[in-house]
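Beneath this line is the structure, given in structure tokens, with notes to follow.
The values are calculated or read from the model by the stated rules, or taken from the named source; none is laboratory data. Because the structure is a prediction, the values reported are computed rather than measured. Quick reminder, even Gly has a Cβ in these numbers, built from the backbone with ideal geometry, and neighbours come from all protein chains shown. These area figures cover heavy atoms from the full protein model, side chains too; ligands, DNA and RNA do not enter into them. Shrake-Rupley method; radii C 1.70, N 1.55, O 1.52, S 1.80 Å.
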Amino acid sequence: MKFIVSSSQLSKSLQSISGVLTNNGAVPIIQNFLFTVKGETLSVSATDLETTMTTNLMLSKSDTDGSVVIQSKLLMDTIKNLPEVPMIFNIDLEANLVEIQANEGSYKLACFNADDFPMPNDLENANHVQLSSSLVKSAITKTLFATGTDEMRIAMTGVFCELSAENVTFVATDAHKLVRYRRTDVSSSNSFSFIFPKKPLNQLKSNLPDDDSMVTIEYDSTNVRFIFSNFILNARLIDGKYPNYEAVIPTNNPNVLFIERVSLLNSLRRVSIYSNPSVMQVRFKLSLNDLVLSAEDSELSNLAVEKLNCNYDGDEMEIGFNAKFLIEMLNNLETSDVKIEMSQPSRAGILYPVDNPNTAEEILMLVMPVMLNS
């Protein structure tokens, strides 16, 4: 096999899928890239057995179709130190050797048989739905941070997706915080739900374009495939039952706070520096048109207090929240103002964006309270 490709284009393509690679001593071949040439197109794949990502790029020239597995680290380290130049790949499949010529340099590295590279199974009786790239990227960005890490509660380590004739809903929770992202401007003829693992969603977040180009999502009961731009991502779904998230969202919340998002965000960043780092507790003291934020680390005698203007309708109350969770939530909203609904210090607060210009987008963020010290 012989082909010529741009060094910068190849570098970009390898970087875009390299996040899938894993150091797996039991299956060492998956530490490498699968190169497949067909006509003037080069497809490069990476897999960790659970997630497989493939990207396509155009070749300047090729003489033979074929496939080969090439060492990932050695190749990427070589390319990142090259300027923009044509790279000539000469591959001897019998000798398992790749020779690369670029500029005045020549590099030889071992390669491996493509037949040994594991590829994802075909989907059985697959359904599909098409969503805009910007919608999928927004849904991932606004939910992924709320997923859990406890492998004993495997369903909560991913993002739950629910398709129906009325809307599409994405949910993530770790039992301390919860995000529900819903779009009412899209629907599916088939009602279906599944749980996306975190790793492929991170790959999608990095590679999805911020536009209205379409993403085709194909799925069956065990696997999902995303097709967009020049990428195909296959992933095994999480096998588990997602908790009844609607049951934990309180519906009667008479105490309502309206506040400027960036002001609250910046204040939380400053005040939380003085909190005990193990709990990141910030106290909210609420009264008419006043919010007093305070944080304390009694072991070190650290204390911070800030007063913010707000619009508050409800009983005077004090409630504690984990500042890290609130900062993550406020960071993932874009509106100028937010609304926080509360009922009592022992129950969850509900955060909403205010005056969202996209009326078809419904975002709810729930954060559990932290018990206040007297």
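To one decimal place, what Kirkwood hydrodynamic radius in Å is obtained for region 286-345 from all pairs of distinct Cα atoms?
13.4
Explain nothing, just the number: dipole magnitude of region 223-374 about its Cα centre with +1 on each Lys and Arg Cβ and -1 on each Asp and Glu Cβ, in debye rounded to the nearest 20.
Around 520 debye, computed over region 223-374.
If Lys and Arg each add +1 and Asp and Glu each add -1, what is the summed charge of the other residues whose beta carbon sits under 11 Å from the beta carbon of Thr22?
-1
Would you tell me the accessible area of Lys2, worked out with a 1.4 angstrom probe on the heavy atoms of the protein chains, in Å² to the nearest 10?
The accessible area comes out at roughly 90 Å².
Where does each of Tyr181, Tyr242, Tyr107 land when they are ordered by accessible area, with a 1.4 Å probe and the largest first? All intermediate terms of the calculation are to be shown ahead of the outcome.
On the way: Tyr181 0, Tyr242 25, Tyr107 80 Å².
Greatest to least solvent exposure: Tyr107, Tyr242, Tyr181.
Counting Lys +1, Arg +1, Asp -1, Glu -1, what net charge surrounds Asn113 among other residues with beta carbon under 14 Å of its beta carbon?
Local net charge: -4.
Counting pairs of alpha carbon atoms under 8 Å apart in space and at least six apart in sequence, what relative contact order in percent does region 182-306 give?
RCO, region 182-306: 14 percent.
Could you give the dipole magnitude of region 2-153 about its Cα centre, charging the beta-carbon of Lys and Arg +1 and that of Asp and Glu -1, in debye to the nearest 20?
Value, rounded to 20: 600 debye.
Calculate, in nm to one decimal, what Val256 and Ile273 gain on full extension: separation in residues at 0.36 nm each, minus their alpha carbon distance.
Gain on extension, Val256 to Ile273, equals 3.5 nm.
Could you tell me which residue out of Ile91, Ala247, Thr173 lies farthest along the dipole of the chain toward its positive end? Charges go on the beta carbon: Lys and Arg +1, Asp and Glu -1, centred on the Cα centre.
The Cα lying farthest towards the positive end belongs to Thr173.
Please go through the residue pairs Lys177/Lys205; Lys12/Lys142; Lys80/Lys177; Lys38/Lys80; Lys61/Lys108; Lys12/Lys137 and name each one whose alpha carbons sit more than 30 Å apart in this structure.
Where the Cα-Cα span goes over 30 Å, the pairs concerned are Lys80/Lys177.
Can you tell me the length gained on complete extension of the stretch Asn309 to Asn113, counting 0.36 nm per residue apart and subtracting the Cα distance?
Using 0.36 nm per residue and subtracting the Cα-Cα distance, I get 63.9 nm.
Quick check for you: which residues of region 270-287 have the amide N under 13 Å from the point 7 Å beyond the Cα of Asn373 toward its beta carbon?
Counting only backbone N, you get 274-283.
Just in region 255-309: which GluC sites (Glu not before Pro) are loop by DSSP and have at most 12 other Cβ atoms within 10 Å?
In loop regions of region 255-309 (DSSP not H, G, I, E or B), the sparsely surrounded GluC sites (Glu not before Pro) are Glu299.
Quote the accessible area belonging to Asp185 in square angstrom, nearest 10, computed with a 1.4 Å probe and with ligands, DNA and RNA left uncounted.
Taking all protein chains as shown, Asp185 has close to 80 Å².
Please report, as a whole percent, how much of the solvent-accessible surface of the chain comes from carbon and sulfur atoms (probe radius 1.4 Å).
47
Taking a probe of 1.4 Å, how large is the accessible area per residue of region 36-176, in Å²?
49
Could you compute the net charge surrounding Thr335? Neighbours are other residues with a C-beta less than 11 Å from the C-beta of Thr335; K and R count +1, D and E count -1. Provide the component values of the computation, followed by the final result.
Values: positive: Arg261, Lys339; negative: Glu260, Glu334, Asp337, Asp355, Glu361.
Net of charged neighbours comes to -3.
State the extension gain, in nm to one decimal, for the chain segment bounded by Glu334 and Thr359, taking 0.36 nm per residue of separation less the distance between their alpha-carbons.
7.6 nm
Of Ile273, Asn311, Leu286, which is farthest towards the positive pole of region 266-374's charge dipole, taken about the Cα centre with +1 and -1 on the beta-carbons of Lys, Arg and Asp, Glu respectively?
Value: Ile273.
Would you be so kind as to identify which of Tyr107, Asn373, Phe145 lies farthest towards the positive end of the dipole of the chain, taking Lys and Arg as +1 and Asp and Glu as -1 on Cβ and the Cα centre as origin?
Farthest towards the positive end: Asn373.
Any idea what the dipole of the chain comes to, in debye rounded to 20, about its Cα centre with Lys/Arg Cβ at +1 and Asp/Glu Cβ at -1?
Here the size comes out at about 440 debye.
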